[in-house]
1. Any chance the range 70-80 includes a residue that's assigned to a loop (DSSP other than H, G, I, E, B) and polar (S, T, N, Q)?
2. Of all residues being under 15 Å from Thr83 (Cα atoms) and assigned to a loop (DSSP other than H, G, I, E, B) in the range 45-59, which is nearest to the chain's Cα centre (by Cα)? Just the residue, please.
3. Would you confirm, using the coordinates I've provided, whether Ala146 is touching a residue at least 24 places away in the same chain (Cβ under 8 Å), open to solvent by less than 70 Å² (accessible area, probe 1.4 Å) and assigned to a helix (DSSP H, G or I)?
4. Output the residues belonging to the range 149-165 that are modelled with pLDDT of 85 or more and open to solvent by less than 60 Å² (accessible area, probe 1.4 Å).
5. Of the residues in the range 80-120, how many are open to solvent by less than 70 Å² (accessible area, probe 1.4 Å) and closer than 30 Å to Ser142 by Cβ?
6. Are there any pairs, at least 6 apart or on different chains, whose C-beta atoms fall under 8 Å, with the first in the range 190-213 and in a loop (DSSP other than H, G, I, E, B) and the second open to solvent by 90 Å² or more (accessible area, probe 1.4 Å), and if so, which?
7. Where residues in the range 59-74 are modelled with pLDDT of 90 or more and open to solvent by less than 80 Å² (accessible area, probe 1.4 Å), which of them is nearest to Trp36 (Cα to Cα)?
8. Would you point out which residue out of Ser170, Ser180 is modelled with pLDDT under 75, farther than 14 Å from Val111 by Cβ and touching a strand residue (DSSP E or B) at 6+ places or on another chain (Cβ under 9 Å)?
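The values are calculated or read from the model by the stated rules, or taken from the named source; none is laboratory data. Keep in mind that what you see is a predicted model, and the values were worked out from it rather than measured. Glycine gets a Cβ as well: all are built from the backbone with ideal geometry, and neighbour counts include every protein chain shown. Heavy atoms of the whole protein, side chains included, go into the accessibility calculation; ligands, DNA and RNA do not. Shrake-Rupley method; radii C 1.70, N 1.55, O 1.52, S 1.80 Å.
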Amino acid sequence: MQRIQYKPEWVSHSLCHSPAPLTKESCNTQSCPPVWSAGPWSECSQTCGKGWRKRVVLCKSSSSSFWPQILPDSACAVEAKPTMQEPCLLKRCHKPKKLHWFLSAWSECSVTCGKGVQRRTLNCAGTSVSGKYREVAPKKCSHLQAPSTDLEKACILSPCPRHSVYSPVSQSSWFTSPWSQCTATCGGGTQVRSVQCLANGRSATGCLLHQKP
């Protein structure tokens with residue numbers, strides 16, 4: 001007996017009298033379990049140092065509908081609820097400077113001979129955590145009680161030389177203050193001082209310009 005083999009050939013669907021088998025069908029039609037939905041984190045509660053940031057965590061249905069339903073937390077109890085807040089640290093806070101009043105050193109006597117005045121100033125300064133000292137505006141110490149102390153005191157130097165009323169010799173002389181601090185710690189800076197013409201401790205005009213320091 002000879003076996004005859006038929007080679008399948010694609011033909012028009014109209015030639016097939018029986019209904020065509022299904023090409024797709026539904027599966028796993030049961031509802032999906034609800035899930036936790038976490039929103040974005042808020043900004044840190046502090047701009048420096050340790051703070052907290054929060055977010056909203058809700059239990060929602062995972063149906064294919066466009067608007068999922070919000071469900072009680074108990075409906076999502078199968079999974080652990082995500083954290084709703086956590087610590088945050090942006091940067092280290094700079095501790096405020098410790099402010100205090102301080103007195104400057106006494107100035108030199110206001111005259112070169114005879115009786116004059118010495119002065120000092122009351123200043124406000126801040127000390128940072130590193131211990132660095134810096135003078136600040138006096139109004140920043142306004143909340144602190146200023147020390148009760150004298151800012152002026154008399155100073156008596158050697159007696160001024162007396163000249164005859166007929167003597168043409170001028171009693172005026174040049175007076176210089178101490179040099180200021182240098183404007184730079186390296187690389188070259190400048191120092192300044194004041195030069196005044198004084199006579200008996202008072203401003204005068206009788207000093208010779210070519211003798212000015």
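1. no
2. Start the filter on the range 45-59 by keeping residues that are under 15 Å from Thr83 (Cα atoms), which leaves 52-59.
This time we only want the ones that are assigned to a loop (DSSP other than H, G, I, E, B), so: 55-56.
Working: Arg55: 28, Val56: 31 Å.
Among those that are under 15 Å from Thr83 (Cα atoms) and assigned to a loop (DSSP other than H, G, I, E, B), it is Arg55.
3. No, not satisfied.
4. Residues satisfying the conditions are Thr149, Cys155.
5. 12
6. Qualifying pairs under 8 Å: Thr190/Thr183; Gln191/Trp179; Gln191/Gln181; Gln191/Thr183; Val192/Trp179; Arg193/Trp179; Gly201/Lys115.
7. Cys59
8. From the options Ser170, Ser180, the qualifying one is Ser170.
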